[in-house]
1. What residue, among those in the stretch 19-28 that are at pLDDT 95 or above and in contact with a helix residue (DSSP H, G or I) (Cβ under 7 Å, 6 or more places away or on another chain), is surrounded by the most Cβ atoms within 10 Å (Cβ to Cβ)?
2. From the list 109, 85, which residue is closer than 18 Å to residue 13 by Cα and either at pLDDT 95 or above or not in a helix (DSSP H, G or I) (or both)?
3. Please identify the pairs in which a residue from the stretch 40-69 that is closer than 14 Å to residue 7 by Cβ has its Cβ atom under 6 Å from the Cβ atom of a residue that is surrounded by fewer than 14 Cβ atoms within 10 Å (Cβ to Cβ), counting only partners at least 6 apart or on another chain.
4. Checking residue 53 against (1) at pLDDT 95 or above; (2) closer than 17 Å to residue 19 by Cα, only one condition comes out false. Which one?
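The values are calculated or read from the model by the stated rules, or taken from the named source; none is laboratory data. Not measured: the values here are computed from a predicted model. Counting neighbours? That spans all protein chains shown, and the Cβs are built from the backbone with ideal geometry, glycine included.
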């Protein structure tokens, strides 16, 4: 899927895959890819600036871990990040309901698929 399709939703995707617990960058990319059934394939050049921005905003925290003799940064949701994720989910549901109502005008708004 084109990266343009993810634009505007990247923050929510990153926050969602970090909800179960801390992950390092490559594991975040893998989690998004697995959860999307391989449809979403994020690049490191896309996620690392976003992770750093989310950390500056206080939605993520990070620390360093050593695994297999290599140091890597692990990211985790903060309480503010959990609240932001809830807001992202609410916004996503409202957005998809509105789009569905336009694409499927015979179905009343909010009745789902």
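1. Top of the filtered list is 28.
2. Unique residue meeting the criteria: 85.
3. From residues that are closer than 14 Å to residue 7 by Cβ, the pairs are 40/1.
4. Tallying (1) at pLDDT 95 or above; (2) closer than 17 Å to residue 19 by Cα, residue 53 fails exactly one: (2).
Here is a yes/no grid of residues against (1) closer than 19 Å to residue 84 by Cβ; (2) assigned to a helix (DSSP H, G or I):
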residue	(1), (2)
13	yes, yes
16	yes, yes
20	yes, no
34	no, yes
39	no, no
52	yes, yes
64	no, no
